[in-house]
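Q: Okay, here's the structure, questions in a sec.
The values are calculated or read from the model by the stated rules, or taken from the named source; none is laboratory data. Predicted, not measured: the structure shown is a model, and the values here were computed from it. Every residue, glycine as well, gets a Cβ built from its backbone with ideal geometry; the counts of neighbours run over all protein chains shown.
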Ligand code: GLN
């Protein structure tokens, strides 16, 4: 039963082959058995899951239907869940029980999804390896000595290991697409404003976006359908109708114009990944797509711009965790300043502290123009590059990451080495564009992802292309040994 995709589960439940309660019990047992190897969950919510499963079964018995009705999922542990610990992977929030559900959580619950638990993540979503979590590193099910990617490493490892069919995640600079690539999953970062950020603990508010992680594009369509939509409680949510993503999966790719940026194939890219990307291009050409070389000339400036803007916003967002309004409080503070200093010094891990300091520096009066303002100008140039490219092509294709998943610990003493690995993903966040990563093959037994980018609100186009690709390839069906 654990091999079933969301789409297969929906059919199985509709045909009464099994109940949501049976499925939920099977998966909870599997998590108990296998997750100790992976550490992909921070909290399990067995009682809630069984209650939701029974409720979904009752709703089906009453004639209700729906692709998510009775479907087991999990939430990245930065989506607020009422009465349940929402830790953000940090000691700072280790004892925080959210007083309300995030919009995404509430919408999925209303659609009948069953929450098995909260997944592990890099602390405050800062990282690319899931090694900065207060709850310990997550292991990649494809090779337990390697990282699963981050910051949504827990969601990715759990889905890849077939502990559950799909999970929510968030992407500020690649945290859905990069772990998807590292664990052989399909992950979609929607257009900024497509999915509500209300109740999603902020890292960098102008870049953060929630989205689905699953094994197939078909399943990402189902989960995104449940997550997307206008939310008046999020002032950056956009009031744009949500199309039927599943209905759009079968469009023909005949004549689809795919742009391949020449800057993507520079020295930093592992040549074995470059070859797999070229294979995926050939596959799409067979399906009728037309390939065109394009240029994104400002891409080289994206990493420095991102690593100014994201920490700047983080330093502001994380000021609320002061031991008074929110979060961990140190023992026996001598005075108010001591309380702030020690609560934040003890509650935040080293990567979070580093970024708060970088961000506060970049925003300070003497340096604002030199760093923050400059970075914002680069951000506009990056966006303009994409707008020019999308005048000529329908989607942009390239690698999701320059290298496959690295070994645990390999980059933990060199943060900049890890930042450089984000080169292909962060531009979509700077521009606010939707992006998808899907399985494209293996290097040394480790999965490789191909990334597709589309114009604003063209999530359906990304899912359509990925689904057609997956009907004609079998990379996404490969299962890690031992799981
Ligand atoms: N790796 C990037 C960072 O550390 C992106 C993380 C994310 O998307 N949350 O900021």
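Q: Return the total of residues in the range 365-394 being out of contact with any helix residue (DSSP H, G or I) (no Cβ under 9 Å at 6 or more places or on another chain), assigned to a loop (DSSP other than H, G, I, E, B) and at pLDDT below 95.
A: Number of matching residues: 2.
Q: Further question: Please count how many residues of the range 147-189 are within 11 Å of the ligand (Cβ to nearest atom) and in a helix (DSSP H, G or I).
A: Total meeting the criteria: 4.
Q: Looking at the range 400-417, which of its residues are over 22 Å from residue 445 (Cα atoms), away from the ligand (no atom under 11 Å from the Cβ) and not in a loop (DSSP other than H, G, I, E, B)? Let's see the steps before the verdict.
A: Restricting attention to the range 400-417, the residues satisfying the condition of being over 22 Å from residue 445 (Cα atoms) are 412-417.
If we keep only those that are away from the ligand (no atom under 11 Å from the Cβ) as well, we get 412-414, 416-417.
Within the range 400-417, 416, 417 qualify.
Q: May I ask you to verify whether residue 443 is away from the ligand (no atom under 16 Å from the Cβ), crowded, with 22+ Cβ neighbours inside 10 Å and either within 18 Å of the chain's Cα centre (by Cα) or touching a residue at least 60 places away in the same chain (Cβ under 8 Å) (or both)?
A: Taking the combined requirement at face value, the residue does not satisfy it.
Q: While we're looking at this one, here's another question. Sort out which residues of the range 1-21 are loosely packed, with under 15 Cβ neighbours inside 10 Å and more than 25 Å from the chain's Cα centre (by Cα), and write them in order of number. Walk me through it before giving the result.
A: If we filter the range 1-21 for residues that are loosely packed, with under 15 Cβ neighbours inside 10 Å, which is where we start, we get 3, 11, 14-17.
Listed by number, the residues that qualify are 11, 14, 15, 16, 17.
Q: So residue 27 passes all but one of these: (1) in contact with a strand residue (DSSP E or B) (Cβ under 9 Å, 6 or more places away or on another chain); (2) crowded, with 16+ Cβ neighbours inside 10 Å; (3) in a loop (DSSP other than H, G, I, E, B). Which condition number does it fail?
A: (3)
Q: Identify, please: which residue in the range 122-146 is closer than 10 Å to residue 408 by Cα and in contact with a helix residue (DSSP H, G or I) (Cβ under 7 Å, 6 or more places away or on another chain) and is, among those, nearest to the ligand (Cβ to nearest atom)?
A: 129
Q: Among the candidates 420, 436, single out the residue that is closer than 18 Å to residue 169 by Cα and within 16 Å of the ligand (Cβ to nearest atom). Steps first, please.
A: Values: 420 fails: closer than 18 Å to residue 169 by Cα.
Just one listed residue meets the conditions, 436.
Q: Restricted to the range 197-243, and to residues that are part of a strand (DSSP E or B) and more than 16 Å from the ligand (Cβ to nearest atom), which residue is surrounded by the most Cβ atoms within 10 Å (Cβ to Cβ)? So that I can check it myself, show each step before the final result.
A: Here is the first cut: in the range 197-243, the residues part of a strand (DSSP E or B) are 200, 210-214, 228.
From the residues that got through so far, the ones that are more than 16 Å from the ligand (Cβ to nearest atom) too are 214, 228.
Values: 214: 29, 228: 25.
Across the range 197-243, the extreme among qualifying residues is 214.
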